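Some notes on the structure that comes next.
FYI, it's all coordinate maths here, none of it is from the lab. As the structure is a computational prediction, the values presented were derived from the model and not from experiment. Cβ coordinates were reconstructed from backbone atoms using ideal geometry, including for glycine residues, and neighbour counts include every protein chain displayed.
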Amino acid sequence: MDRRYEDVAATLGASRRVAFQRVTLPLIAPTVAAGAVLAWARALGEFGATITFAGNIVGRTQTLPLAVYLQLESNPDMAIALSLVLLAVSLTVIVSLRDRWLGPS
């Protein structure tokens with residue numbers, strides 16, 4: 001997305017939050033949705049390899065996606081909590097690397 005759209009919104013008096021909500025988010029929504037679908041497909045494909053080759057020994061080779069899978073059968077609330085942890089970690093990494101990927105503005 002071209003940053004000039006945000007700059008124009010700022011010159012028209014929009015705060016950063018309003019510019020994000022009304023300009024940036026609608027422009028990037030299709031891209032974010034496509035990325036989410038591709039990430040889900042990739043994760044689904046990697047799940048089989050992980051459970052087959054890495055194993056599932058609790059505390060040793062169990063990955064967080066495998067823990068979510070196992071908890072989903074017996075404790076859905078814990079599975080949701082673990083999924084939210086994965087989501088929070090992912091978002092933290094993406095936000096912290098945003099400037100590195102996009103470069104200085």
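Listed values (1) 91, 41, 23; (2) 56, 27, 22; (3) 51, 31, 23 include one computed from this model; for Cα extents along the principal axes in Å that value carries the label (2). Basic side chains Lys and Arg get +1 at the Cβ, acidic Asp and Glu get -1 at the Cβ, and with that the dipole of the chain about its Cα centre reaches some 320 debye.
For Leu91 and Ala36, compute 0.36 nm times the residue count separating them, minus their Cα-Cα distance, and round to one decimal in nm.
Contour length minus the Cα-Cα distance gives 18.6 nm.
Under 5 Å between amide hydrogens, built in the peptide plane, is the criterion, and for Gln62 it picks out Ile57 among residues at least 5 positions away or on other chains.
For region 55-105, the relative contact order is 21 percent, taking Cα pairs closer than 8 Å that sit 6 or more residues apart in sequence and dividing their mean separation by the residue count.
Could you point to the residue in Val89, Leu66, Pro76 farthest towards the positive end of the chain's charge dipole, with +1 and -1 charges on the Cβ of Lys/Arg and Asp/Glu respectively? The listed residue farthest towards the positive side: Val89.
Enumerate the calculated ³J(HN,Hα) couplings along region 79-87 in order (Karplus 6.51 cos²θ - 1.76 cosθ + 1.60, θ = phi - 60°), each rounded to whole Hz, writing x wherever the residue is Gly or Pro. Per residue, the Karplus-derived 3J(HN,Hα) values read 4, 5, 4, 5, 5, 5, 5, 4, 5 Hz. What are the trypsin sites (Lys or Arg not before Pro) within region 29-102 that DSSP puts in a loop, where the Cβ has at most 13 other Cβ atoms within 10 Å? Sites meeting the loop and neighbour criteria: Arg60.
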